[in-house]
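Here the structure comes first, spelled out in structure tokens, and everything after it is commentary.
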Amino acid sequence: MIKIYFFKRCNNFNENISMASYILISALSAFLAIIVVIGAIYYFNGARGHYDGGYTLKVLKLIFISGFFAILYSSVTFYFDKRKVKGVINEFKHEYNNMDCDKGMCVTRSMDEKSIPDTLKEIKKRQVHDRELRELNIQSISVTVTGINMRRMEYRVFCISMYSSERSENIYFNFYTINSGDLMLRNIEYSVDIVQVEV
């Protein structure tokens with residue numbers, strides 16, 4: 001299940017309305033530019049103050065074409081980012097089970113350097129306490145989109161983990177991209193704080 005949100009405080013917004021609003025707002029600058037350019041061309045060509053049905057038809061055609069490409073671009077971006085997110089989750093599970101966290105993990109390299117030690121410490125606690133990570137299943141991916149020219153897309157991935165100790169917990173992976181750039185892992189949130197294990 002994928003939830004898409006445009007607004008930061010999104011609990012009271014329908015996800016379809018939110019997606020439509022984002023596409024409309026992101027395409028609005030292109031719409032205005034088209035109208036202004038065509039209007040300026042007609043104005044300087046001596047068609048001042050006259051209604052021209054051809055002008056209106058051209059504007060509408062260009063608006064529909066721009067809207068189509070805005071929808072297509074957004075859909076393709078969400079699709080490829082979703083695949084990247086699944087890839088990082090699978091890589092995390094593999095590294096958790098097969099690598100020593102003291103040496104670092106590939107999936108944490110994109111994180112802020114200050115948060116990497118805390119993240120690795122939490123992972124190490126679970127390796128000691130719960131041993132192998134048997135399952136890490138993605139339950140939902142929520143997307144928050146902010147900005148137009150500098151577009152930031154934040155992905156909150158809700159997963160359920162199952163360890164060899166038969167304990168399961170909810171894990172949230174928080175990713176972000178800026179202007180459809182590289183997928184960056186911001187942090188990993190655990191629902192259970194393991195304090196009884198000293199690492």
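Yes or no: the stretch 113-134 includes at least one residue that is closer than 30 Å to Val76 by Cβ and surrounded by fewer than 14 Cβ atoms within 10 Å (Cβ to Cβ).
No.
Might you let me know whether the stretch 95-106 holds any residue that is within 30 Å of Ser75 (Cα to Cα), surrounded by 14 or more Cβ atoms within 10 Å (Cβ to Cβ), at pLDDT below 90 and charged (D, E, K, R)?
The first filter runs over the stretch 95-106 and keeps only residues within 30 Å of Ser75 (Cα to Cα), leaving 106.
Checking which are surrounded by 14 or more Cβ atoms within 10 Å (Cβ to Cβ) leaves us with none.
Looking for residues that are within 30 Å of Ser75 (Cα to Cα), surrounded by 14 or more Cβ atoms within 10 Å (Cβ to Cβ), at pLDDT below 90 and charged (D, E, K, R), one finds none in the stretch 95-106, hence no.
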* Output yes when any residue across the stretch 96-119 is touching a residue at least 60 places away in the same chain (Cβ under 8 Å), assigned to a loop (DSSP other than H, G, I, E, B) and of a type in the set (A, V, I, L, M, F, W, C), and no when none is. => yes
* Total residues in the stretch 137-169, condition surrounded by fewer than 18 Cβ atoms within 10 Å (Cβ to Cβ), within 16 Å of Lys93 (Cβ to Cβ) and aliphatic (A, V, I, L, M) -> 3
* Asked: If you go through the stretch 54-77 one residue at a time, do you hit one that is open to solvent by less than 30 Å² (accessible area, probe 1.4 Å) and modelled with pLDDT of 80 or more?
  -> yes
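Condition test on Val145, is it within 13 Å of the chain's Cα centre (by Cα) and not aromatic (Phe, Trp, Tyr)? Quick ask: steps written out before the conclusion?
Working: within 13 Å of the chain's Cα centre (by Cα): yes; not aromatic (Phe, Trp, Tyr): yes.
For Val145, the condition - within 13 Å of the chain's Cα centre (by Cα) and not aromatic (Phe, Trp, Tyr) - is met.
Is it true that some residue in the stretch 152-159 is at pLDDT 80 or above, more than 14 Å from the chain's Cα centre (by Cα) and of a type in the set (Ser, Thr, Tyr)? Give the steps one after another, and end with the answer.
Initially, the stretch 152-159 is screened for residues at pLDDT 80 or above, giving 152-159.
Subset that is more than 14 Å from the chain's Cα centre (by Cα): 159.
Filter once more, keeping what is of a type in the set (Ser, Thr, Tyr): none.
Among the residues of the stretch 152-159, not one is at pLDDT 80 or above, more than 14 Å from the chain's Cα centre (by Cα) and of a type in the set (Ser, Thr, Tyr), which makes the answer no.
The values are calculated or read from the model by the stated rules, or taken from the named source; none is laboratory data. Quantities reported herein were computed from a predicted structural model and do not represent experimental measurements. Using ideal geometry, Cβ is built from the backbone for each residue, glycine included, and neighbour counts are taken over all protein chains shown. The accessibility values were calculated without ligands, DNA or RNA, using every heavy atom of the protein model including side chains. Shrake-Rupley method; radii C 1.70, N 1.55, O 1.52, S 1.80 Å.
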